[in-house]
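Take a look at the structure set out below.
The values are calculated or read from the model by the stated rules, or taken from the named source; none is laboratory data. Just so it is clear, the structure is predicted and the values come from calculations on it, not from any experiment. Glycine gets a Cβ as well: all are built from the backbone with ideal geometry, and neighbour counts include every protein chain shown. Remember, those area values only see protein heavy atoms, side chains included, never the ligands or the DNA or RNA. Shrake-Rupley method; radii C 1.70, N 1.55, O 1.52, S 1.80 Å.
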Amino acid sequence: MTTDPVTTDGRQDPAGPVVRYERSGPVATVTMNRPAYRNAQNSAMTYALDGAFYEASADDGVKVIVLAGAGEHFSSGHDIGTPGRDAHLPHSRRAGLWWDHSDKEGAESRFARESEVYLGMCRRWREIPKPLIASVQGACVAGGLMLAWVCDLIVASEDAFFADPVVRMGIPGVEYFAHPWVLPPRVAKELLYTGDRMGAHRARELGMVNRVVPREQLAARTRELAGHVAAMPRMGLALAKRAVNQAEDLQGLHGGLDAAFALHHLAHAHNAETSAGPLAGMDVRTMKARAAGTDGA
């Protein structure tokens, strides 16, 4: 199965599917496929990911799912400026019951959309009853972090790095705010306060990443781990995943996500009133400039 993307005027994208789906034995590999844009996640990709995960979940022959990114980077985050940005388009609701955002305005539109495609989808994917393994290389930034964090295991290449720089927009963190659960609180604050990159080895030391491997071995070593996990009974894996997820929720993850999501949207509303839009006038270029310590001129 592959999900063919469409352009904003409804034509099929000649660049190919935004998500590739392949199955090899008991392992399904779902690959984000916008390498020219560092796998920036537009709505077409989000819904294609959901379709691929649903197919893998429904296939009794699949025991483990691998999430990967084509090209040099896993994912640079949400699409805030590529030619395929499609945040204004309507989509069928899958992750929640909020109404369509495309014909609404202001905070109502943004809250409805992000409740569906960001927080809602991540929660939906976290509950997939099959082990989900992230295979991460290069950039895993902001929305890319969200995708990695909903996975049960993370295998990272030595050149992988992790960052959530959205405090530069005046926003407290990405929509799926798992920072204090995947990292010690003071490390989570450092990641947010500085916007700096965290390397793969440091992420492993802190328990956020399971394994760090040479870049050229990433796919093979991820498949090896997936095959090892797939040898376990399907029901046992599903129940073990459920048990750990429930423990995290008892530690406050579910409620914490809701609380942080509300603060996230307070920040968007504040930006819209006091600056050049809900992202505080920031785009990819200005974010990179701020990270480099320049003014973006």
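Sort out for me the strands (runs of 3 or more DSSP E) sitting completely within segment 103-210 that have 2 or more residues that are in contact with a helix residue (DSSP H, G or I) (Cβ under 9 Å, 6 or more places away or on another chain). Steps first, please.
Numbers: elements: 132-136, 139-141, 153-157, 161-163.
Qualifying strands (runs of 3 or more DSSP E): 132-136, 153-157, 161-163.
Working only within segment 223-235, note down all residues that are in a helix (DSSP H, G or I) and over 11 Å from residue 64 (Cβ atoms).
First pass over segment 223-235, keeping only residues in a helix (DSSP H, G or I): 223-230, 234-235.
Matches in segment 223-235: 224, 235.
Please list, ordered by first then second residue, the pairs with beta carbon atoms under 6 Å, 6 or more apart or interchain, first in segment 229-249 and touching a residue at least 12 places away in the same chain (Cβ under 8 Å), second surrounded by fewer than 15 Cβ atoms within 10 Å (Cβ to Cβ).
Here the result reads 238/129, each pair linking segment 229-249 to a residue that is surrounded by fewer than 15 Cβ atoms within 10 Å (Cβ to Cβ).
So is residue 124 under 17 Å from the mean Cα position of the chain (by Cα) and in contact (Cβ under 8 Å) with a residue 60 or more places away in the chain or not?
On the way: under 17 Å from the mean Cα position of the chain (by Cα): yes; in contact (Cβ under 8 Å) with a residue 60 or more places away in the chain: yes.
Judged against the criteria, residue 124 is a match.
Between a first residue in segment 36-60 that is in a helix (DSSP H, G or I) and a second residue that is open to solvent by less than 40 Å² (accessible area, probe 1.4 Å) and of a type in the set (Asp, Glu), which pairs have beta carbons less than 8 Å apart while being 6 or more apart in sequence or on different chains?
If the second residue must be open to solvent by less than 40 Å² (accessible area, probe 1.4 Å) and of a type in the set (Asp, Glu), the pairs left are 37/79; 43/86; 44/86; 45/79.
Given the conditions (1) more than 30 Å from residue 159 (Cα to Cα); (2) charged (D, E, K, R); (3) not in a helix (DSSP H, G or I), report the number of the one that residue 273 does not fulfil.
Residue 273 satisfies every listed condition except (3).
If the requirement is being touching a residue at least 24 places away in the same chain (Cβ under 8 Å) and open to solvent by less than 20 Å² (accessible area, probe 1.4 Å), which of these qualifies: 69, 84, 96?
Just a single option satisfies the conditions, and that option is 69.
What single numbered condition from (1) assigned to a helix (DSSP H, G or I); (2) hydrophobic (A, V, I, L, M, F, W, C); (3) touching a helix residue (DSSP H, G or I) at 6+ places or on another chain (Cβ under 8 Å) fails to hold for residue 238?
Going through the list (1) assigned to a helix (DSSP H, G or I); (2) hydrophobic (A, V, I, L, M, F, W, C); (3) touching a helix residue (DSSP H, G or I) at 6+ places or on another chain (Cβ under 8 Å), residue 238 breaks only (3).
Can you confirm whether residue 163 is touching a Gly at 6+ places or on another chain (Cβ under 7 Å) and at pLDDT below 95? Give the steps one after another, and end with the answer.
Numbers: touching a Gly at 6+ places or on another chain (Cβ under 7 Å): yes; at pLDDT below 95: no.
It is false that residue 163 is touching a Gly at 6+ places or on another chain (Cβ under 7 Å) and at pLDDT below 95.
Of the conditions (1) of a type in the set (D, E, K, R); (2) open to solvent by 40 Å² or more (accessible area, probe 1.4 Å); (3) without any contact (Cβ under 8 Å) to a residue 40 or more places away in the chain, residue 110 clears all except one; give me its number.
Checking residue 110 against (1) of a type in the set (D, E, K, R); (2) open to solvent by 40 Å² or more (accessible area, probe 1.4 Å); (3) without any contact (Cβ under 8 Å) to a residue 40 or more places away in the chain, the one that fails is (3).
Cβ-Cβ under 8 Å, sequence separation 6+ or interchain: first residue in segment 148-174 and touching a residue at least 40 places away in the same chain (Cβ under 8 Å) and among the hydroxyl-bearing types (Ser, Thr, Tyr), partner assigned to a strand (DSSP E or B) and open to solvent by less than 10 Å² (accessible area, probe 1.4 Å). Which pairs?
The qualifying pairs are 157/136; 157/213.
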